[in-house]
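Quick notes on the structure that follows.
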Amino acid sequence: MSFEDLAYDVFQKRCPSRSALEHITGKWAVLILGALAQGPARFGALRRRVDGVSEKMLSQTLQTLERDGFVHREVHRQIPPHVEYSLTALGRDAAAHLMTLVEFLEDRMDEVERARTAHDARGE
């Protein structure tokens, strides 16, 4: 399949696929989707799992991912009430692709570190 055959073209600035790509490939989104790929979680558990994310960024990212259809938000009205987040079918598929990239990076970090060291040694 060529790019000309696609209904959407992420390379065009007004294409809605570009914003969706930006939403799921942002630093926090990748980590949140990866965390939710391990199973549903409440807000606090996600915040602990995704080390370094602020409450504000976690909340904003979850809202964006929910709007795009990657995350499902379920309010449990028991006492005390709580909210649980999980991946939709679309979110599970996206997370699988993203986790392939994460695994690739983790497997190749020795090469990345060597490249960084060599680059820094050249003073570039």
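A short reminder: the numbers here are calculations on the coordinates, not readings from a lab. Every value quoted in this text rests on a predicted model; they were computed, and no experiment measured them. With ideal geometry, Cβ positions are generated from the backbone for all residues, glycine too; neighbour counts draw on all protein chains shown.
Here are the numbers for this structure:
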{"read-out": "Length-normalised contact order for segment 3-121 - Cα pairs under 8 Å, 6+ apart - percent", "value": "22"}
{"read-out": "Neighbour-count order for D68, D9, fewest beta carbons within 10 angstrom listed first", "value": "D9, D68"}
{"read-out": "Extension gain (nm, one decimal) between E55 and E111, 0.36 nm per residue minus Cα-Cα", "value": "16.8 nm"}
{"read-out": "Lys, Arg +1 and Asp, Glu -1 on Cβ, resulting dipole of segment 1-121 about Cα centre, debye, nearest 20", "value": "640"}
{"read-out": "Most fluctuating residue given options M57, M109, M99, as computed from a GNM of the chain linking Cα atoms under 10 Å", "value": "M109"}
{"read-out": "Where only alpha carbons of segment 3-121 are counted, the Rg and the Dmax (Å)", "value": "17.0, 59"}
{"read-out": "Two-site FRET efficiency, F11 against R42, from Cβ-Cβ distance with R₀ of 41 Å, rounded to 0.05", "value": "0.60"}
{"read-out": "Cα-based helix-to-principal-axis angle, 55-67 vs the chain, degrees rounded to 10", "value": "80"}
{"read-out": "Fluctuation leader among R114, R92, R48 - the chain, Gaussian network, Cα springs under 10 angstrom", "value": "R114"}
{"read-out": "Rounded to 10°, Cα long-axis angle of helix 27-36 versus longest principal axis of the chain", "value": "50"}
